[in-house]
1. In segment 26-49, how many residues are exposed (fewer than 15 other Cβ atoms within 10 Å of the Cβ) and under 22 Å from residue 67 (Cα atoms)?
2. What pairs can you find where one residue is in segment 218-232 and assigned to a loop (DSSP other than H, G, I, E, B), the other is crowded, with 20+ Cβ neighbours inside 10 Å, and their Cβ atoms are less than 7 Å apart, with a gap of 6+ or different chains?
3. Being in the same structural domain as residue 27 (by TED's automatic domain parsing), over 26 Å from residue 169 (Cα atoms) and touching a helix residue (DSSP H, G or I) at 6+ places or on another chain (Cβ under 9 Å) is true for just one of 144, 88, 72, 80. Which residue is that?
4. Could you check segment 49-64 and list, in sequence order, the residues that are touching a strand residue (DSSP E or B) at 6+ places or on another chain (Cβ under 9 Å) and farther than 15 Å from residue 28 by Cβ?
5. Can you find, within segment 251-287, the residue that is farthest from the chain's Cα centre (by Cα) among those that are part of a loop (DSSP other than H, G, I, E, B) and within 14 Å of residue 190 (Cα to Cα)?
6. Is one or more of the residues making up segment 32-40 assigned to a helix (DSSP H, G or I), in contact (Cβ under 8 Å) with a residue 60 or more places away in the chain and out of contact with any strand residue (DSSP E or B) (no Cβ under 9 Å at 6 or more places or on another chain)?
7. Condition test on residue 137, is it assigned by TED's automatic domain parsing to the domain that holds residue 92, more than 27 Å from residue 90 (Cβ to Cβ) and surrounded by 18 or more Cβ atoms within 10 Å (Cβ to Cβ)?
8. Can you tell me which condition residue 243 does not meet? The list is (1) more than 22 Å from residue 176 (Cα to Cα); (2) touching a residue at least 60 places away in the same chain (Cβ under 8 Å), and all the others hold.
């Protein structure tokens, strides 16, 4: 299988690099400036699961010509519209696996590539890009979850899933990827929302007098929104999330907070606002979620 990874950052660079390390035919689609840098430095991963340095296959949107069997979207959600305006070389039946947050991207991809096999995907990793452009992975968590949205595509999905079995990361094939995507959305909204609003880690927030109460309120609002969409969430799964979210010693941060510290764009509209829209539609109250969105919107205005 020929794999095209859109982006070579902290997520795409990590998982694509691990796939290439295992012998998969991987190409990275990057911007020209990134391509020039990677041609000089190579793709470098620093990780407790093993360091890696490779010379990656690289293309830009202007030079990509070949068709690919699998396309991994690892870009930020706010870059998706620009990407979809280009002519990506997908053949009929190509597998598309977006590792984006939320759900709005699924309909956009389905509309743009009606003859592709669209899957749901989730990246579980704590990683970032260093000032030198190296990918720094911080702990033992590095896994990909994927699952079919159409039962007819399961065989193709499991074929790619099996091809990743030799790569240096964990994999899970989900038979109900919609619910798994909601679990991720609930959790990332709570973590990103709280850490950006208070500019602190989860542990720092939880250790204050009212911190755990705020985190729980935000988490519960997200759960209520999921239930309003008839998502059958599992109580044990959510209880486990609450356990992690109440840990007063936690150093859990969010990539959104790191982006804010670096004066970079953030995905507040795609993570927070899309949930608020569902809440409005289904008459769900979400005052805490609105608060974190206000904070995100004010921050985004400061970048203009």
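The values are calculated or read from the model by the stated rules, or taken from the named source; none is laboratory data. Just so it is clear, the model here is predicted, and its values are computed rather than measured. Positions of Cβ are generated from backbone atoms using ideal geometry, with glycine treated the same way; all protein chains shown enter the neighbour counts.
1. Count: 2.
2. Short answer, once both residue conditions are applied: 231/182.
3. 88
4. Within segment 49-64, 49, 51 meet the criteria.
5. 286
6. Taking every residue of segment 32-40 in turn, at least one turns out to be assigned to a helix (DSSP H, G or I), in contact (Cβ under 8 Å) with a residue 60 or more places away in the chain and out of contact with any strand residue (DSSP E or B) (no Cβ under 9 Å at 6 or more places or on another chain).
7. Details: assigned by TED's automatic domain parsing to the domain that holds residue 92: yes; more than 27 Å from residue 90 (Cβ to Cβ): yes; surrounded by 18 or more Cβ atoms within 10 Å (Cβ to Cβ): yes.
Yes, satisfied.
8. Looking at each condition in turn, residue 243 falls short on (2).
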